1. Can you work out ³J(HN,Hα) from phi for every residue in region 134-147, in order, using Karplus 6.51 cos²θ - 1.76 cosθ + 1.60 and θ = phi - 60°, giving whole Hz and x for Gly and Pro?
2. Please give, to one decimal in nm, the separation of the simple spin-label points placed at ARG187 and ARG28, each 7 Å out from Cα toward the Cβ.
3. Could you run the Karplus curve 6.51 cos²θ - 1.76 cosθ + 1.60 with θ = phi - 60° over region 52-62 and give me ³J(HN,Hα) per residue in whole Hz, x for Gly and Pro?
4. Measure off, as a whole percent, the carbon and sulfur share of the 1.4 Å-probe accessible area of the chain, all protein chains present.
5. At a Förster radius of 35 Å, what calculated FRET efficiency corresponds to the Cβ-Cβ distance of VAL21 and ALA250, to the nearest 0.05?
6. Return the sequence-ordered ³J(HN,Hα) values of region 270-277 in whole Hz as given by the Karplus equation 6.51 cos²θ - 1.76 cosθ + 1.60 applied to θ = phi - 60°, using x for Gly and Pro.
7. Can you give the three extents of the C-alpha atoms in region 146-196 along their principal axes, from longest to shortest, in whole Å?
8. If you build a Gaussian network model of the chain, linking Cα atoms that sit under 10 Å apart, which residue out of GLY12, GLY93, GLY278 swings the most?
Amino acid sequence: MQVMLLTQEEEGEQTLGKMTVERKLYYRELIARFAHHHGIIWDLDEEMDRFRYFTTQDIKEIADYIKALDPYKHPIQYVQWKAELIADEHTYGRLLGFPNFDAAALQHDAENTHSETIKWLDKSAAAGHPWLVHLIEMNPGVRPDTEDYAHDRVRKLAIWGHYMAGGTGTMFFFTDPIGDLNMEDYRTRDHLFDLIRYAHDFVTKYLPVEDMKHADGLTPLKDDYVLAKPGQSYAVYLPNGGTTTLDLSAASGAFEVKWYNPRTGGELINGSVRSVQGGGARALGNPPKEAGSDWAVLVRKAGTR
């Protein structure tokens with residue numbers, strides 16, 4: 001769980017003006033009340049700059065003010081409305097390299113999750129101040145389990161698309177008939193939370209994720225996702241099941257091959273191929289069952305746990 005404090009919403013973002021006395025008092029009060037909590041992220045605005053009210057300099061001044069007051073230096077971000085539809089210089093691109101801005105909070109269609117996560121991870125790293133990249137809103141939102149129990153689009157494109165790009169984590173808004181404004185019972189999306197947990201378990205239990213980077217080019221498929229710590233550990237997500245080959249030409253030694261079920265979670269299990277050797281492109285074999293459904297494959301140096 002992540003404590004994310006959304007300090008304002010676009011519809012009311014002009015209420016306090018820019019760096020007015022009222023706005024400064026507001027931030028001081030938030031920091032005094034909440035900054036002691038672990039894992040806080042300060043979110044400057046939900047859909048900031050959709051109305052072009054805050055300039056780049058305004059955003060930097062707000063971030064500087066919060067960082068100067070917050071003794072714990074929690075990360076700062078804002079949610080950009082569909083950044084993929086707007087030129088970079090009008091979205092997060094204008095803040096690349098700025099030391100007091102720390103995270104991109106993506107809101108967009110599920111099909112753009114993987115590429116947009118990769119984009120801002122790479123651009124921020126190249127600018128010298130690497131960001132966290134979160135998925136905050138996936139359009140058009142998540143329907144109740146009773147209407148979409150499997151959440152295939154959400155699971156494949158948003159949850160796994162984000163994690164397998166190297167993203168920090170996901171959150172979702174809910175759409176009607178039981179949406180955000182009339183939500184009384186989170187059990188309407190109980191299975192959604194299970195699916196997020198299964199992906200999180202795979203990443204945190206089985207991968208040295210802090211040392212891994214997106215590496216989709218290591219397989220010949222166009223729609224799968226790859227994370228890699230070259231020579232040590234590789235994860236391949238196959239959204240449509242089946243099989244693929246993994247380029248281990250830059251690696252040496254023996255690697256074990258294990259499969260993980262994104263739909264049910266659980267332990268790693270064996271497929272038709274249990275081990276491969278480095279030194280070339282290697283076939284990963286077939287999944288244990290349900291070959292037409294999505295699977296994650298873990299290829300790691302033999303003896304690694």
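1. Per residue, the Karplus-derived 3J(HN,Hα) values read 9, 9, 9, 9, 10, 7, x, x, 9, 7, x, 4, 5, 9 Hz.
2. Distance between the two pseudo-spin positions: 4.6 nm.
3. 6, 7, 8, 7, 4, 5, 4, 4, 5, 5, 5
4. Carbon and sulfur together cover 53 percent of it.
5. Numbers: r = 58 Å, r/R0 = 1.66.
That gives a FRET efficiency of 0.05.
6. Karplus values, whole Hz, x for Gly and Pro: 8, x, 6, 10, 9, 7, 9, 10.
7. 33, 19, 16
8. GLY12
The values are calculated or read from the model by the stated rules, or taken from the named source; none is laboratory data. Since the model is a prediction, treat every value here as computed from it, not as a measurement. As a convention, Cβ positions derive from the backbone with ideal geometry for all residues, glycine included, and neighbour counts pool all protein chains shown. Calculation scope for accessible area: heavy atoms of the full protein, side chains included, ligands and nucleic acids excluded. Shrake-Rupley method; radii C 1.70, N 1.55, O 1.52, S 1.80 Å.
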